[in-house]
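The values are calculated or read from the model by the stated rules, or taken from the named source; none is laboratory data. Bear in mind the structure is a predicted one, so any value in this text is a computation, not a measurement. Glycine also receives a Cβ, built like all others from the backbone with ideal geometry; neighbour counts cover every protein chain displayed. Please note that ligands, DNA and RNA were not included when accessible areas were found on the heavy atoms of the full protein model with its side chains. Shrake-Rupley method; radii C 1.70, N 1.55, O 1.52, S 1.80 Å.
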Amino acid sequence: MSGGRLVLPVVLSATFVQLLNVTVAQVAAPAIQAGLGAGPSAVQLVLAGYTLTYACLLIPAARLGDRYGYRRLFVIGTVVFTAGSVAAACAPDVASLITARLVQGAGSGLVAPQVLSLIRATIPATRRPRALGLYGATMAVASLAGPLIGGLVLGADLLGLGWRPLMLLTVPVALASLAGATALPRLRGAGGIRVDRLGALLVTVGAGALVLPLALGREAGWPWWTWAGFAVAVAALGSFAWSLPHRPDPLVHPAVLHDRPARTGTLLVFVFNMGVPSFTYLLFLHLQSAVGYSALSAALTSAPFAAAAAAGSRAAPALTRRHGTAVLTVASLVLAGMCLALAPLAGSAAGRQAALPVLAVGGAAFGAFTASVFALVLAEVHGPAAGSVSGLLPTAQQLGGSIGVTAAGLAYYAPAADAGAAFRHAMLYQVAAFVLTALISLRLRNRVAGPAPEQPRAGRLSR
């Protein structure tokens, strides 16, 4: 379909702003705390509020796109996201900022599943692996550009506005995506689709009850309500999975439970994202809180990782054509090696200089993995399970990131002799996450990636 050439830049620009918005706020957290007089828990909720609504809406939004049209949900989500971004920049107090971040996350949660659905429905099978590779590369670049751009903007202190311009960074790109949405075809899934309201309620409650305690539990000292939240999450998500075969028009096709590539690919994305973005979070946390770097200096220190990630993303399509899923295994092990090498280097100025080439090698591996994983997983998932993966993979990405940041923080703040020892503890957590990712990647069939076959459930024009 010729429209596919117009679809890709529009949907990738939306993907870029969604993930940029996650990491750019992490850099702004100290400035927000000082500027609004907010406590640590409130600032943590500013960061977690975005992820909370983002993760909760991903699976229901995929089904809403099937029912009402991918373009319609894309436009609605982009408008909501843009409104939330403007409100965040203008927030007079921390409560208003938290509310705006919740709105931003809701907009991203509505948009994200439509991106994969539009790619699968509009781009020919022969071009789809390259499109999915660009999708993964966009995620990699956006995730790493956030800290770098955030540090530069904070260092410049534009018009004396402090952190507020950071909240507006995504607005021009979001507006461009909105203007380009007129080129998106009016596609939706097969006819007769109904939205599973009980399933939507269960998955929303379950995701929310999981993400909120993870975000606030450590700062609050893990009070009783955090453990109650985990219990609610287990009950809600367990009920959701158990009842899938028994409900008409479920949010996730029951075939996912029996499709090994779908299960393995979702788990792979989840575990990998337990290591990223927690790695960049740990690096910035240590450089700013323990070493005393400014946001700009910390951003420049991480620049080799971001630059090499772009190069790794560019090389990923050729690597996957030649080596298939082995790219994922090797990239994960290289990232684990990077974390092992970094652990003793962060304690001195000379060590931090030596860390720059190590970060570059790890960044190339990160870019290759992120630009390859979605294409490789989706190439293996066929039949009725394929349609559900567009909501499951971004959900696994967000939930894995939320859990990973919490787990990495626990490792860093565990009792330690000094800040260097704390950083080494955190890097050991990262090593475990990336080694586990490598082991899971071995369960994907080791075949050379080729064009994904056409799905039997093609999109159609909505009326």
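Summary table below
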{"read-out": "Every pair of residues 6+ apart whose Cβ atoms lie under 9 Å, when the first sits in the range 47-64 and is touching a residue at least 60 places away in the same chain (Cβ under 8 Å) while the second is open to solvent by 10 Å² or more (accessible area, probe 1.4 Å) and among the acidic types (Asp, Glu)", "value": "PRO60/ASP196; ARG63/ASP196; ARG63/ASP249"}
{"read-out": "Filter result for PRO92 (outside any helix (DSSP H, G or I) and free of Cβ contacts under 8 Å to residues at least 40 places away in the same chain)", "value": "yes"}
{"read-out": "All positions within the range 241-257 that are out of contact with any Asp or Glu (no Cβ under 7 Å at 6 or more places or on another chain), open to solvent by 20 Å² or more (accessible area, probe 1.4 Å) and touching a residue at least 40 places away in the same chain (Cβ under 8 Å)", "value": "PRO248, HIS253, ALA255"}
{"read-out": "When residues of the range 189-212 are limited to those that are hydrophobic (A, V, I, L, M, F, W, C) and open to solvent by 30 Å² or more (accessible area, probe 1.4 Å), the one modelled with the lowest pLDDT", "value": "ALA190"}
{"read-out": "Cβ pairs under 7 Å, 6+ apart, first in the range 263-278 and within 23 Å of GLY409 (Cβ to Cβ), second surrounded by 24 or more Cβ atoms within 10 Å (Cβ to Cβ) and among the aromatic types (Phe, Trp, Tyr)", "value": "PHE272/PHE369; GLY275/PHE434; VAL276/PHE366"}
{"read-out": "Search result, residues across the range 20-47 that are under 18 Å from ALA207 (Cα atoms) and under 13 Å from the mean Cα position of the chain (by Cα)", "value": "VAL22"}
{"read-out": "From the options LEU393, LEU328, LEU359, residue that is open to solvent by less than 10 Å² (accessible area, probe 1.4 Å) and within 30 Å of GLY199 (Cβ to Cβ)", "value": "LEU393"}
{"read-out": "Among residues of the range 107-134, those that are in contact with a helix residue (DSSP H, G or I) (Cβ under 9 Å, 6 or more places away or on another chain), under 23 Å from ASP66 (Cβ atoms), among the aliphatic types (A, V, I, L, M) and open to solvent by 10 Å² or more (accessible area, probe 1.4 Å), counted", "value": "2"}
{"read-out": "ALA100 among the aliphatic types (A, V, I, L, M), surrounded by fewer than 19 Cβ atoms within 10 Å (Cβ to Cβ) and out of contact with any Leu (no Cβ under 8 Å at 6 or more places or on another chain)", "value": "no"}
{"read-out": "Subset of the range 135-188 [assigned to a helix (DSSP H, G or I), more than 25 Å from LEU64 (Cα to Cα) and open to solvent by 40 Å² or more (accessible area, probe 1.4 Å)]", "value": "VAL141, LEU148, ILE149, LEU152, GLY155, ALA156, LEU158, LEU159, GLY160, ARG164, LEU168, PRO172"}
{"read-out": "Count - residues of the range 289-316 that are part of a helix (DSSP H, G or I) and open to solvent by less than 40 Å² (accessible area, probe 1.4 Å)", "value": "13"}
{"read-out": "Failed condition for GLY383, given (1) open to solvent by less than 10 Å² (accessible area, probe 1.4 Å); (2) within 22 Å of ARG443 (Cα to Cα)", "value": "(1)"}
{"read-out": "Unique residue being in a helix (DSSP H, G or I), of a type in the set (Val, Ile, Thr), open to solvent by less than 20 Å² (accessible area, probe 1.4 Å) and under 30 Å from GLY162 (Cβ atoms) when the list is THR78, THR53", "value": "THR78"}
{"read-out": "Residue within the range 35-48 that is among the β-branched types (Val, Ile, Thr), under 18 Å from ALA174 (Cα atoms), in contact with a helix residue (DSSP H, G or I) (Cβ under 6 Å, 6 or more places away or on another chain) and at pLDDT 80 or above present", "value": "no"}
{"read-out": "Qualifying residues in the range 9-42 (those that are closer than 20 Å to ALA87 by Cα and in a loop (DSSP other than H, G, I, E, B)) - the one least open to solvent (accessible area, probe 1.4 Å)", "value": "ALA38"}
